[in-house]
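Undergrad: Structure incoming, see below.
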Amino acid sequence: MRPFATWLSIIWIPLTGLVGCRPVQHEAAGPEVPTQLPRNARPTHYSISVVPDAANLRFTASEVIDLEVLQPTDSITLNAAALEFQTATLTDKANKSLEARPSVDPDKQTATFKFPSALPIGSYRLAIDYTGTINLHATGLFALDYDSAEGRKRALFTQFEAPDARRFIPCWDEPSYRAPFDLRVTVPAGQDAIGNMPQSSRIQKPDGSSEVAFATTPSMSSYLLFLAVGEFDRITTMVAGTEIGIVAKKGDGEKGRWALEGSAKILPYYNDYFGAPYPLPKLDNVAGPGSSQFFGAMENWGAIFSFESILLNDPAITSEERRQGIFKVAAHEMAHQWFGDLVTMAWWNDLWLNEGFASWMGSKATSVIHPEWDPLLARIGSRESAMNLDSISTTHPIVQNITTVEQISQAFDSITYSKGAAIIVMLEDYVGEDVWRQGVRDYIATYRLKNTVTDNLWNAVEHAAGKPVTAIAHDFTLQPGVPLIRVQAAECIDGTTKVTLQQEEFSRDNPKKTPLSWRVPVIASTLGGAEVRTLVTDGTGGLTVPGCEPLLINSGQTGYYRTLYSSVQLERLKSVYDKLNFADQIGLLADNWGLGLAGYESAATALDLIDRIPAQATDDLWSRATRILEETYDQYEGEPQGQERVARYASEKLNPVLKRLTWAAIPGEKPNDAVLRAELIGALGKFGDAEVVAETNRRYASGDPSAASGPLRATILEVVARQADAATWERLLNQAREEKKPLVRNALYKLLGGVRDTALAERALDLSLTDEPGPTNSSQILSAVSEVHPDLAFYFAVQHREKIESLVDVSSRSRFLPRLALLSADPATIGKVEDYAQHFMTPQSRKPADITISMIRDRIRVRQTRLPDITQWLEAHASLSAPKRD
């Protein structure tokens, strides 16, 4: 699954309804796989027939489950949520039938089928007739409405990860219960259906509807089942024996052409990398209008689901960044077809085997197919998002002991995705690219159509490498936190540099804690010299590096740790900053920004490095610098003089870069030039840069084509909306009301919430409670307000809690409200979030509130103790750069 980006790249997905687990035996994954169901039976095949009533948001269904009773029992318990049962009949191999009496436990989300007497061990068939609800959010079977030339339309889709297949079918809704699925659906006249497998038959009925049947799936986990019903276009191509398709609402098929072309390049690469051809006859990627607070795309086997905003390429509104993102998300989701679908984690504590690996693999595929995008440099930004969460006391290990759904919710975050990917980067570098690939191939071959735990991967890689890997991997996956490598000494002797290293733990909110210990693979080099590798163990290490030029630790930036230099060593690196390779320039800047905010050194050290960036530096370095300046500006929220100082310096540094790039594409420019251009305009607009704000307003007010379509459209509107007065806000609102394209309409409504003016933000919040924007847009408006006015958004949401919760996916509700306060720096908000958690959250579900509280405390600490360094630096810089008077 690909989550939507959120503040600080922290993703939480709270879920409800599961109870404590108990360990069970499992063939591939070892002796202890958790479960919330009795292990007295298991499914061997599902056959499902469903008739949706989209207009009334209901469906009727019948299901036949072939199952094995593993021990004598008089009942079988399945997962089921929000389903109503009509009949249930059990048939044995002798065709003798027993009526089953269902009883439902809504809290546990189970249905127990009771029989008159105990069933002997053997094979049975359970037939169930039932009805269920079609939701208006991306949970279970859900509806998405959109405008078309013929009027309002409705399409149906499914979203089952993590525990929502049970809202569609009674089933063993846990990853380790794999079984094949047969699915049939009745579709209205003029509509079509998409499933995991190709259609095997289509029978038209007298009323014009059709019953569509799909071929039998391979054995798979329930959360990977998929169904879509609606009026669709489907464009296809054949690659390596697989039909690849992009599915979109009717009329939008060609907008999927870019995604189709990209997928056609990714599939052969994965076939080769994994050493196993894609096993299904087709692979669709299905676009749905709307959005979710939970996810952006989902890796259903053979039928990936993606929201339109991250799958369809519309030249009128798609930026270069979004265009690249379409490819990158497809690469992530397609990696899941092997890592997650063909081989599936046994339980959610190993979720990172899906998400961390797919994040890494997507980046790797992108670097091979589109090296001009520099995706390997972007890995540093992903690593930073993980360290932001991993360096506070509320962090957690990559591999967790998950026993409740509330704990599952804590696993869907940047630790699972970004830290997981960063650890793979480090371990691949440690064992070597070819060895790592062989280990992955062996793992796939061994556990094909099975479930695994993390150690199965480590064992395969270690066997391929012929050297210890598991111990290092355990240090980084079974305990939380970020190592800190302190350079204790670096002395030049006879043309080499002797280095002494000390390992500590990097912490933002508890630097005096007893540090954890890791086995850390360290790479070091002097400027222009050969790399030297060592493994820092037991807290200390040393190495000898060729050359006496300035020393760089974590050369190449493949390690997951912070590096702290002495002031002398750091000054030497500053003096040659423009000579470092691009990855090390970005990594050194990111490291020193993190260290400065945490209090290990002056918070202004990163500004020293930004001041040394040449105008012609790589786009990714300027992008990292721009984000640091934006974060600095935000830290001064409520202090106009401080924000003015940051804005003045940012304009001085960034405007020359924008002038070099210009506002229009230059023939022959690099793709990332377009990405940086938009980022600079957005940042300078946020800072209130007079020239940029005036130009964006001019283009919008005059109807300039760049404000109506093209790659800068979204950026221009974002700046206009942020700085909007009442008249401009009203104009944007009217545009949203009149817009018919879902992609454009949704974006316009969200922009209304990102306004700087408090009174207009309050109007946006009031708008979110009405039916006008639509449920998914309403929650997006709230999120947008919280990025500028976090306290206002959180207080408003608490006051209207029940209404707000009705606008949010079931899977997102308990984390949505606390997250609105994430960017607050108001001490009073800590108490309000705590009060909310005590009243409306359980001890198992309150993790999002705890993280929000930690983040608020950290922002307060930064403002009190770290900003003075930055203020002093900015004042000194302003004095030095001021024009001299005669």
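The values are calculated or read from the model by the stated rules, or taken from the named source; none is laboratory data. Given the structure is predicted, the values throughout are model-derived calculations rather than measurements. A quick note on method: Cβ atoms are made from the backbone with ideal geometry, for glycine too, and the neighbour counts reach across all protein chains shown. The accessibility values were calculated without ligands, DNA or RNA, using every heavy atom of the protein model including side chains. Shrake-Rupley method; radii C 1.70, N 1.55, O 1.52, S 1.80 Å.
Undergrad: Would segment 107-125 turn up any residue that is modelled with pLDDT of 95 or more, surrounded by fewer than 19 Cβ atoms within 10 Å (Cβ to Cβ), closer than 23 Å to residue 51 by Cβ and in contact with a strand residue (DSSP E or B) (Cβ under 9 Å, 6 or more places away or on another chain)?
TA: There is at least one residue in segment 107-125 that is modelled with pLDDT of 95 or more, surrounded by fewer than 19 Cβ atoms within 10 Å (Cβ to Cβ), closer than 23 Å to residue 51 by Cβ and in contact with a strand residue (DSSP E or B) (Cβ under 9 Å, 6 or more places away or on another chain).
Undergrad: Oh, and also: Mind listing whichever residues of segment 49-105 are outside any strand (DSSP E or B) and farther than 16 Å from residue 133 by Cα?
TA: Once the filter is applied, which keeps residues that are outside any strand (DSSP E or B) and farther than 16 Å from residue 133 by Cα, segment 49-105 yields 70, 71, 72, 93, 94, 95, 96, 100.
Undergrad: Within segment 791-812, does at least one residue satisfy the condition of being part of a helix (DSSP H, G or I), within 19 Å of residue 722 (Cα to Cα) and open to solvent by 20 Å² or more (accessible area, probe 1.4 Å)?
TA: yes
Undergrad: Where residues in segment 129-158 are open to solvent by 50 Å² or more (accessible area, probe 1.4 Å) and hydrophobic (A, V, I, L, M, F, W, C), which of them is nearest to residue 775 (Cα to Cα)?
TA: Result: 136.
Undergrad: Within segment 272-283, is even one residue out of contact with any Leu (no Cβ under 9 Å at 6 or more places or on another chain), at positive phi, open to solvent by 20 Å² or more (accessible area, probe 1.4 Å) and at pLDDT 95 or above?
TA: Yes, that holds for at least one residue.
Undergrad: Identify, by number, the condition in (1) under 21 Å from residue 608 (Cα atoms); (2) more than 29 Å from the chain's Cα centre (by Cα); (3) of a type outside the set (Lys, Arg) that residue 554 doesn't meet.
TA: (2)
Undergrad: Filter segment 180-238 for residues that are over 30 Å from residue 149 (Cα atoms) and among the aromatic types (Phe, Trp, Tyr) and give the result.
TA: 181, 214, 223
Undergrad: Of the residues that sit in segment 651-687 and are within 32 Å of the chain's Cα centre (by Cα) and under 23 Å from residue 880 (Cα atoms), which one is surrounded by the fewest Cβ atoms within 10 Å (Cβ to Cβ)?
TA: 655
Undergrad: Sticking with this structure for a sec: Go through 698, 677, 660, 722 for me and flag whichever is within 30 Å of residue 878 (Cβ to Cβ) and in contact with a Gly (Cβ under 6 Å, 6 or more places away or on another chain).
TA: 722
Undergrad: Continuing with this model, one more query. Consider segment 448-487. How many of its residues are on the phi < 0 side of the Ramachandran plot, open to solvent by 40 Å² or more (accessible area, probe 1.4 Å), over 26 Å from the mean Cα position of the chain (by Cα) and without any contact (Cβ under 8 Å) to a residue 40 or more places away in the chain?
TA: Summing the residues that are on the phi < 0 side of the Ramachandran plot, open to solvent by 40 Å² or more (accessible area, probe 1.4 Å), over 26 Å from the mean Cα position of the chain (by Cα) and without any contact (Cβ under 8 Å) to a residue 40 or more places away in the chain in segment 448-487 gives 5.
Undergrad: What number of residues in segment 212-234 are open to solvent by 10 Å² or more (accessible area, probe 1.4 Å), in contact with a Ser or Thr (Cβ under 7 Å, 6 or more places away or on another chain) and touching a residue at least 40 places away in the same chain (Cβ under 8 Å)?
TA: 1
Undergrad: Consider segment 409-447. How many of its residues are open to solvent by less than 10 Å² (accessible area, probe 1.4 Å), closer than 14 Å to residue 467 by Cα and touching a Ser or Thr at 6+ places or on another chain (Cβ under 7 Å)?
TA: 0
Undergrad: While we're on this one: So which strands (runs of 3 or more DSSP E) are wholly in segment 195-234 and hold at least 3 residues that are over 29 Å from the mean Cα position of the chain (by Cα)?
TA: Qualifying strands (runs of 3 or more DSSP E): 199-204, 210-214.
Undergrad: I need every pair where a residue in segment 139-152 that is under 20 Å from residue 226 (Cβ atoms) has its Cβ under 7 Å from the Cβ of a residue that is of a type in the set (Phe, Trp, Tyr), sequence separation at least 6 or different chains.
TA: 140/168; 141/59; 141/168; 142/157; 144/157
Undergrad: If you go through segment 505-528 one residue at a time, do you hit one that is part of a strand (DSSP E or B) and closer than 26 Å to residue 851 by Cα?
TA: yes
Undergrad: Looking at residue 292, is it among the hydroxyl-bearing types (Ser, Thr, Tyr), within 29 Å of residue 345 (Cβ to Cβ) and part of a helix (DSSP H, G or I)?
TA: Here the answer is no, as residue 292 does not meet what is asked.
Undergrad: Additional query: Kindly indicate whether residue 744 is within 25 Å of residue 322 (Cα to Cα), crowded, with 23+ Cβ neighbours inside 10 Å and either out of contact with any strand residue (DSSP E or B) (no Cβ under 8 Å at 6 or more places or on another chain) or hydroxyl-bearing (Ser, Thr, Tyr) (or both).
TA: Spelling it out, it is not the case that residue 744 is within 25 Å of residue 322 (Cα to Cα), crowded, with 23+ Cβ neighbours inside 10 Å and either out of contact with any strand residue (DSSP E or B) (no Cβ under 8 Å at 6 or more places or on another chain) or hydroxyl-bearing (Ser, Thr, Tyr) (or both).
Undergrad: Same structure, new question: Just the residues that are surrounded by 24 or more Cβ atoms within 10 Å (Cβ to Cβ) and part of a loop (DSSP other than H, G, I, E, B), please, taken from segment 175-194.
TA: Of everything in segment 175-194, just one residue is surrounded by 24 or more Cβ atoms within 10 Å (Cβ to Cβ) and part of a loop (DSSP other than H, G, I, E, B), namely 175.
Undergrad: Give me a count of the residues in segment 768-781 that are in a helix (DSSP H, G or I), under 20 Å from residue 730 (Cβ atoms) and open to solvent by less than 20 Å² (accessible area, probe 1.4 Å).
TA: Looking only at that region, the number is 4.
Undergrad: For the subset of segment 355-397 comprising residues that are in a helix (DSSP H, G or I) and touching a strand residue (DSSP E or B) at 6+ places or on another chain (Cβ under 8 Å), which member is surrounded by the fewest Cβ atoms within 10 Å (Cβ to Cβ)?
TA: Step by step, filter segment 355-397, then rank; the result is 357.
Undergrad: I need the full set of residues from segment 89-106 which are open to solvent by less than 60 Å² (accessible area, probe 1.4 Å) and within 21 Å of residue 36 (Cα to Cα), in order please.
TA: 102, 105 - these are the residues of segment 89-106 that are open to solvent by less than 60 Å² (accessible area, probe 1.4 Å) and within 21 Å of residue 36 (Cα to Cα).
Undergrad: Then there's this: Can you tell me which condition residue 725 does not meet? The list is (1) open to solvent by less than 60 Å² (accessible area, probe 1.4 Å); (2) without any contact (Cβ under 8 Å) to a residue 60 or more places away in the chain, and all the others hold.
TA: Here residue 725 meets the rest and fails (1).
Undergrad: Name the residues in segment 295-325 that are among the β-branched types (Val, Ile, Thr) and either part of a strand (DSSP E or B) or surrounded by 24 or more Cβ atoms within 10 Å (Cβ to Cβ) (or both), would you?
TA: 304, the sole residue that qualifies.
Undergrad: So how many residues does segment 33-60 have that are touching a Phe, Trp or Tyr at 6+ places or on another chain (Cβ under 7 Å) and open to solvent by 10 Å² or more (accessible area, probe 1.4 Å)?
TA: Within segment 33-60, residues that are touching a Phe, Trp or Tyr at 6+ places or on another chain (Cβ under 7 Å) and open to solvent by 10 Å² or more (accessible area, probe 1.4 Å) number 5.
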